[in-house]
Structure formats: structure tokens, C-alpha cells
Amino acid sequence: MEKYEKLIFQILRGTSDANISFLDLVNLLQHFGFEMRIKGSHHIFRKKSVEEKPNLQKDGNKAKPYQVKQVRNIILKYRLGGKE
């Protein structure tokens with residue numbers, strides 16, 4: 001669980017959005033219970049209790065910074081990532 005806590009802290013800090021691994025972000029959303037659907041290069045996530053549907057694309061092996069910001073807003077709005 002420590003890996004996810006570090007990643008959540010890095011995302012919430014917001015100082016290194018361009019340096020978040022795409023696979024780490026995908027794994028984090030799946031850890032939060034999002035279902036993933038892939039259409040071309042788009043990785044679309046959805047979860048019943050979350051209105052937004054994050055749509056991620058790779059930028060090399062990193063996630064795109066604006067998409068990291070979208071995930072940060074979802075984490076904050078729905079209070080994801082707390083102790084379970």
C-alpha cells in the first residue's frame with residue numbers, strides 16, 4: 001500500500017504532474033475501483049459513484065500533465081485514497 005500512498009501524495013502535491021508514470025496512474029485508478037476500457041490509444045475509466053470519466057493517453061511512458069490534474073481533482077472531490 002505504501003506505493004499508492006506515495007503516488008497519491010505526489011499527485012496531490014501537484015509539483016510534478018509531467019513526471020507521473022502512465023502505468024502508475026492506470027494502476028492507481030484501478031486500485032480505486034475504476035473499470036478500464038481501451039479504445040485505440042484512449043484508456044477510459046469509469047466508476048459508478050464517480051460522475052467524471054477520466055480518459056488517459058500515454059505521453060511516452062508518462063501520463064499527460066493535464067490528465068494527472070483531472071485525476072487529482074477526482075481524488076479530492078470524491079475523497080479517494082483515504083485509509084480503508
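The values are calculated or read from the model by the stated rules, or taken from the named source; none is laboratory data. Every value quoted in this text rests on a predicted model; they were computed, and no experiment measured them. No Cβ is skipped: glycine too gets one built from the backbone with ideal geometry, and neighbour counts run over all protein chains shown. Heads up: the accessible areas ignore ligands, DNA and RNA and are worked out on the full protein's heavy atoms, side chains in. Shrake-Rupley method; radii C 1.70, N 1.55, O 1.52, S 1.80 Å.
What are the residues in the stretch 1-54 that are touching a residue at least 12 places away in the same chain (Cβ under 8 Å), open to solvent by 60 Å² or more (accessible area, probe 1.4 Å) and part of a strand (DSSP E or B), if any? Across the stretch 1-54, the qualifying residues are GLU35, HIS42, ARG46. Among residues of the stretch 56-83 that are touching a residue at least 24 places away in the same chain (Cβ under 8 Å) and in a loop (DSSP other than H, G, I, E, B), those with a beta-carbon under 9 Å from a residue that is surrounded by 12 or more Cβ atoms within 10 Å (Cβ to Cβ) and among the hydroxyl-bearing types (Ser, Thr, Tyr) at least six positions away or on a different chain give the pairs ASN61/SER21; GLY81/TYR4.
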